[in-house]
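In what follows, a structure is listed as structure tokens, so that the remarks can point back to it.
The values are calculated or read from the model by the stated rules, or taken from the named source; none is laboratory data. Note that the structure is a prediction, hence the values are computed from the model and not measured. Cβ sites come from the backbone with ideal geometry, for glycine too, and all protein chains shown count toward neighbours. We work out accessible area using only protein heavy atoms, side chains counted, and drop any ligands, DNA or RNA first. Shrake-Rupley method; radii C 1.70, N 1.55, O 1.52, S 1.80 Å.
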Amino acid sequence: MRKTCIVLALGLLTTPLISFAGEKEKPSKAIEENSVEEVINNYVKATGGEAKMKSVRTIEMKMQAEVQGMNLEIHSVIDQENQKLLNVTEMNGNVVSKTVVKDGAGKVMAMGQTQDLTEDQLAAFKNQMYGFQELHLEELGISVTYDGTEQIEGEEAHKLTFDSGGEYNTTEYYSVASGLKLQTVSKAAGTISYKDYQEVDGLKMPMKLIISNAMLPVPLEAKVTSIKLNEDVDDSLFN
């Protein structure tokens, strides 16, 4: 159970390592670049527009879930301006995992033990300090390739591979019909599906996440109970 909780705490904010689907013919470079740009532009437009997305400085989110009869409370805070991140997982009211990134370093505290994040782990968390990393790909050094379309739960989706040059890469799926992000897949975090999009301060945000991971006995359904954008963040949260 301890490993499960740590996976949840890390997986909700990081999306490491792509899962490969075998070799296939790649589209030409020109088609690939145009397709990537089109998919991301449609996603930005569907979510609320570039200006609105870039205006997000801080995100504070709380979620609830249940696993094997135990209640989970997940609290995450992203302070993009000051490059700080917090992720806390509580089980039945007790903190079982806390991740803090600030001042260029990070640590995970779980079950009375503290462990510093490796350079690769820290790089993955830093990528997630941007609420919408699709707008910061060049700055983050992430390259993106277009891998055609696939069916995601009966819906056609564009498949993009995000490569940051290290271990932590992801596969992202965007709805052909709506432009919204449907799913993130990575080896470490597993599969995260985004559902029940609702408008929050002019931006469409998923209110439910379905997390499937080899460490979990069954897929975990996490429901968002609160999202706050651009509110002042208490620095003491990151201690």
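Structure data summary
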item	result
Whichever residue in the range 50-75 is in a loop (DSSP other than H, G, I, E, B) and over 19 Å from the mean Cα position of the chain (by Cα) and, among such residues, is modelled with the highest pLDDT	Gly69
Test: residue in the range 163-178 that is closer than 30 Å to Ser226 by Cβ, among the hydrophobic types (A, V, I, L, M, F, W, C) and open to solvent by less than 20 Å² (accessible area, probe 1.4 Å)	no
Positions within the range 215-231 being under 17 Å from the mean Cα position of the chain (by Cα) and crowded, with 16+ Cβ neighbours inside 10 Å, in sequence order	Leu220, Glu221, Ala222, Val224, Ile227, Leu229
Residue within the range 7-20 that is at pLDDT below 95 and open to solvent by 70 Å² or more (accessible area, probe 1.4 Å) present	yes
Residues that are on the phi < 0 side of the Ramachandran plot and open to solvent by 80 Å² or more (accessible area, probe 1.4 Å), drawn from the range 199-214	Glu199, Lys204, Ala214
Matching residues in the range 110-127 - criterion: being under 18 Å from the mean Cα position of the chain (by Cα) and open to solvent by less than 40 Å² (accessible area, probe 1.4 Å)	Leu117, Leu122, Ala124, Phe125, Asn127
Inter-residue pairs, beta-carbon under 9 Å, first closer than 17 Å to Lys181 by Cα and in the range 40-63, second in a strand (DSSP E or B) and open to solvent by 70 Å² or more (accessible area, probe 1.4 Å), 6+ apart	Ala46/Lys204; Thr47/Lys204; Gly48/Glu199; Gly48/Lys204
